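No lab work stands behind these numbers, since they all come straight from the coordinates. In this text the structure is predicted, and so the values were computed from the model without any measurement. Backbone-built Cβ (ideal geometry, glycine too); neighbour counts: all protein chains shown.
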């Protein structure tokens, strides 16, 4: 078995040796899926996983735009169309200076499994640019988005590829992107998700990833006859996902102790309540300020510069910032401080060493492809509403989101539960996601 996994990974490394994030994501999947393939003749000998790790299409393009000083700026744009076996490509656009091919391929590969887990008919894709929205005026961001979409439009469509937002791409950017797509295509279609409510958006979409992360953690806790009530919760990040993970945690009776950004984290021993969270939302969403400014209004809190919040004692940890933010040392610190549950709100925020530590300690651990699937699930619901030319109520969408997260948890349990009752949610998510895509690929032949 080990030799099969190593041979597969050697081949993938030979082709993608300069892409560490992508290789990390593939290795995590291969270690659980290859044994399952070998045990099931229907998949064995078909090179299904090898076909899955190779994108169906990779698009790169130049993005030229003019800044407020009249200078021509040049960025690089991408779209990775990874797998369309079960539906049109679906996945976000990320605008951040760290964006490169490796990061986007890892995100697209994870998206294939995540979208499969939702049970909705969506393939996997990802895209973005090394453009940094921070410090840019609205007009500069509009000019960039219009230039970006003037190339991307030819590769997407509501039955082909439906992008959404991600880091650096919120409601403002989606609006600018959609406006240019509508102008060029001369059609009003559901080609992007995360749209405004007055022009095709869905209620609960901004909240969905954060809410879903907490809903999944809630289901894990239920397996131990436990809940969020009275629990100390540490959250990383302070953007969309972290904000709504905090909101849902508060609603379920948990006490949120931290939020963070790239400059460091805040620790509020009294807890970040609804009023304080509203301040953070205004600070980050409207003023686009730093999390350290929290102390100007709430001086009893502490700001720890240049560090992540995993050193804070807690019961539940929700990493909601970015990839590889929680390493093995962080995991051991969380465990020694009594953490019993980790639910990933970001994509692959835990390193391989951290995941190994969590599994060894047999705590509740949910990988992002399962626990943060709420965002893309609600994007799928937005696509449905666009097709119907109809909007569901907030309560209806939230109920559907909660049901989807519950179903994902059940799928992970089905494939991840061992004979002793321990649930390996990583194994469960990987195999459950693989099976649906693999069955579709086998049915469609070698294409």
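When 257, 117, 335 are sorted by how many other C-beta atoms sit within 10 angstrom of their C-beta, beginning with the fewest, the order is 335, 257, 117. The mean sequence distance of close C-alpha pairs (under 8 Å, at least 6 residues apart), as a share of the length of segment 57-188, puts its relative contact order at 29 percent.
Taking 7 Å along the Cα-to-C-beta vector as the label spot, tell me the residue 44-residue 305 distance in nanometres, rounded to one decimal. So the two model labels end up 6.0 nm from each other.
Of all DSSP-defined beta bridges confined to segment 57-188, some 70% are antiparallel rather than parallel. Taking only Cα atoms and a 10 Å spring cutoff, compute GNM fluctuations for the chain and point out the largest among 123, 380, 289. For the chain, modelled as a Gaussian network with Cα springs under 10 Å, the answer is 289. What percent do you get for the relative contact order of the chain when only Cα pairs under 8 Å and 6+ apart count? About 15 percent, as a whole number. The ranking of 282, 247 by Cβ neighbour count inside 10 Å, starting from the fewest, reads 282, 247. Restricting attention to the chain, close to 55% of DSSP beta bridges with both partner residues there are antiparallel. Here r is the Cβ-Cβ distance between residue 172 and residue 444 and R0 is 30 Å; the resulting FRET efficiency, rounded to 0.05, is 0.20.
The label point for residue 1 and the one for residue 407, both projected 7 Å from the Cα toward the Cβ, are 3.1 nm apart.
For the chain, with a Gaussian network of springs between Cα atoms less than 10 Å apart, report the residue from 133, 163, 319 with the top mean-square fluctuation. For the chain, modelled as a Gaussian network with Cα springs under 10 Å, the answer is 133.
Using the alpha-carbon positions of segment 116-258, Rg (one decimal) and Dmax (whole number) come out as 18.0, 54 Å.
How large is log10 of I(q)/I(0) for segment 320-383 at q = 0.17 Å⁻¹ when the intensity is taken from the Debye formula with one equal scatterer per alpha-carbon? Ignoring solvent entirely, the Cα scatterers give -0.56. Ellipsoid fit via the Cα gyration tensor, the chain: semi-axes of 30, 30, 21 Å, each the root of five times an eigenvalue, largest first. Distances between every pair of Cα atoms in segment 57-188, grouped in 10 Å steps from 0 to the bin holding the largest one, split as 13, 46, 32, 8, 1 percent. Among beta bridges identified by DSSP and lying wholly in segment 208-366, the antiparallel ones come to about 40 percent. Could you identify which residue out of 70, 306, 165 has the top mean-square fluctuation in a GNM of the chain using Cα springs shorter than 10 Å? In this elastic network of the chain, the residue with the biggest mean-square fluctuation among 70, 306, 165 is 70.
With neighbour counts taken as other beta-carbon atoms within 10 Å, the residues 185, 84, 137, 236 rank, fewest first, as 137, 185, 84, 236. For segment 16-114, the calculated P(r), taken from all Cα-Cα distances in 5 Å bins from zero up to the bin holding the longest distance, is 2, 11, 19, 20, 17, 11, 7, 5, 3, 2, 1, 1, 0 percent. Working from the Cα coordinates of segment 208-366, the gyration tensor eigenvalues give, after taking √(5λ), semi-axes of 23, 17, 14 Å in decreasing order. For residue 274 and residue 199, the FRET efficiency from 1/(1 + (r/R0)^6), where r spans their Cβ atoms and R0 equals 35 Å, is about 0.75.
Once the Cβ-Cβ distance between residue 158 and residue 130 is put in as r, and R0 is 25 Å, what FRET efficiency do you end up with, to the nearest 0.05? For residue 158 and residue 130, the calculated efficiency is 0.40.
The stretch between residue 390 and residue 418 holds 5.8 nm of extra length on full extension. This uses 0.36 nm per residue minus the Cα-Cα distance.
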